[in-house]
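Here the structure is laid out as structure tokens; the discussion comes afterwards.
The values are calculated or read from the model by the stated rules, or taken from the named source; none is laboratory data. A quick note: this is a predicted structure, and the numbers were derived from the prediction, not measured. Heads up, the Cβs are rebuilt from the backbone with ideal geometry, glycines too, and the neighbour counts pull from every protein chain shown.
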Amino acid sequence: MRIALLSRTEGRLYSNSRLVEAAKERGHEIEYVHTLNCYMDIASHSPSVHLKGKELPFFDAVIPRIGASVTFYGCAVLRQFEMTGSYPLNESVAITRSRDKLRSLQILARAGVGLPLTGFAHSTKNTKDLIHLVNGAPLVVKILEGTQGKGIVLAETQKAAETIIDAFRQLNANFLVQEFIKEAGGADIRAFVIGDKVVAAMMRQAAKGEFRSNLHRGGTASLVKLTPEERSTAVRSAGKMGLNVAGVDILRSNHGPVVMEVNSSPGLEGIEKATGKNVAGMIIEFLEKNAKPHKTKTRGRG
């Protein structure tokens with residue numbers, strides 16, 4: 001099988017190195033394709049992707065590792081690959097859906113997936129009522145475009161919450177207001193979903209004095225056993241996003257598991273080291289079973 005790894009970083013990232021290693025171990029040909037250096041022939045009856053003055057050959061599968069800062073262009077390139085008939089590990093439409101925090105939460109809410117109480121508004125005139133919707137302070141304010149724990153602020157008092165919300169509004173920043181799940185104790189669960197199964201899971205614990213559990217912010221990871229409800233929640237969440245591979249972030253609340261985010265490009269380092277599982281190999285195995293020409297549900301549309 002011929003595989004394209006769509007990324008800007010080649011071998012500098014653990015995740016990319018492991019995917020290349022796993023693909024080669026299983027006898028496949030894999031090639032880095034720099035996302036931003038690609039350009040496309042869109043109007044042609046035979047759609048194509050070009051790089052360095054040449055048309056790229058047909059790839060049986062594409063593994064998108066598209067950074068949040070280049071979602072728009074990265075998904076445009078991935079759509080072009082879909083139009084040529086290549087099978088995407090995650091489809092462009094699903095990635096775009098998951099990267100929009102508001103849209104993704106609305107999709108999950110419609111499906112009945114457990115979520116923290118969440119509010120969204122435009123006008124500062126309704127700040128007090130917005131805070132009331134999520135049961136007051138303490139609460140969390142999240143910028144919609146933030147990643148890896150960036151753009152997330154904990155407001156511990158009503159006054160602090162009003163000040164932060166009003167300040168964000170003055171900056172014309174789009175953000176969510178969510179209830180703070182105190183009982184989670186600064187820990188969350190990353191459930192790694194491939195297909196219709198959770199293949200690995202880890203507990204991430206925030207560093208002392210920090211409420212964000214992201215490993216990039218000094219959090220630690222350890223093996224965790226999921227409940228059947230947590231497994232079901234993770235698989236349903238990935239499925240509703242349309243993602244074949246996803247990292248589903250879950251908090252353990254007093255009223256059951258609640259989903260914080262569904263990540264379409266989950267890192268492999270933390271989950272592989274915490275669990276000892278060959279997650280990269282499982283991803284390649286999934287492609288072996290499912291990568292067929294023109295099998296993309298949207299075929300570049302939508």
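Per the listing Val248, Val258, the residue uniquely surrounded by 15 or more Cβ atoms within 10 Å (Cβ to Cβ) and more than 26 Å from Phe81 (Cβ to Cβ) is Val258. So, in the stretch 98-117, exactly how many residues are touching a strand residue (DSSP E or B) at 6+ places or on another chain (Cβ under 9 Å) and among the basic types (Lys, Arg)? Summing the residues that are touching a strand residue (DSSP E or B) at 6+ places or on another chain (Cβ under 9 Å) and among the basic types (Lys, Arg) in the stretch 98-117 gives 1. If you filter the stretch 126-152 down to residues that are among the charged types (D, E, K, R) and at pLDDT 70 or above, you find that the one that is nearest to Gly219 (Cα to Cα) is Lys142.
Suppose the filter is in contact with a helix residue (DSSP H, G or I) (Cβ under 6 Å, 6 or more places away or on another chain), in a helix (DSSP H, G or I) and modelled with pLDDT of 85 or more; does Ile164 pass it? Write out each step before concluding.
Values: in contact with a helix residue (DSSP H, G or I) (Cβ under 6 Å, 6 or more places away or on another chain): no; in a helix (DSSP H, G or I): yes; modelled with pLDDT of 85 or more: yes.
It is false that Ile164 is in contact with a helix residue (DSSP H, G or I) (Cβ under 6 Å, 6 or more places away or on another chain), in a helix (DSSP H, G or I) and modelled with pLDDT of 85 or more.
State which residue is surrounded by the fewest Cβ atoms within 10 Å (Cβ to Cβ) when the search covers only the stretch 106-125 and only residues that are at pLDDT 90 or above and assigned to a loop (DSSP other than H, G, I, E, B). Step by step, filter the stretch 106-125, then rank; the result is Gly112. Considering the stretch 182-222, the residues that are at pLDDT 90 or above and not in a strand (DSSP E or B) include one that is surrounded by the most Cβ atoms within 10 Å (Cβ to Cβ), namely Gly195.
A quick yes/no check of all residues on (1) surrounded by fewer than 16 Cβ atoms within 10 Å (Cβ to Cβ); (2) within 21 Å of Lys292 (Cα to Cα):
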| position | (1), (2) |
| --- | --- |
| Arg8 | no, no |
| Leu13 | no, no |
| Asn16 | no, no |
| Leu19 | no, yes |
| Ala23 | no, yes |
| His28 | no, yes |
| His34 | yes, no |
| Met40 | no, no |
| Ser46 | yes, yes |
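Is it true that Ser86 is hydroxyl-bearing (Ser, Thr, Tyr), under 26 Å from Val235 (Cα atoms) and under 18 Å from the mean Cα position of the chain (by Cα)? No; evaluated as a whole, the condition is false for this residue.
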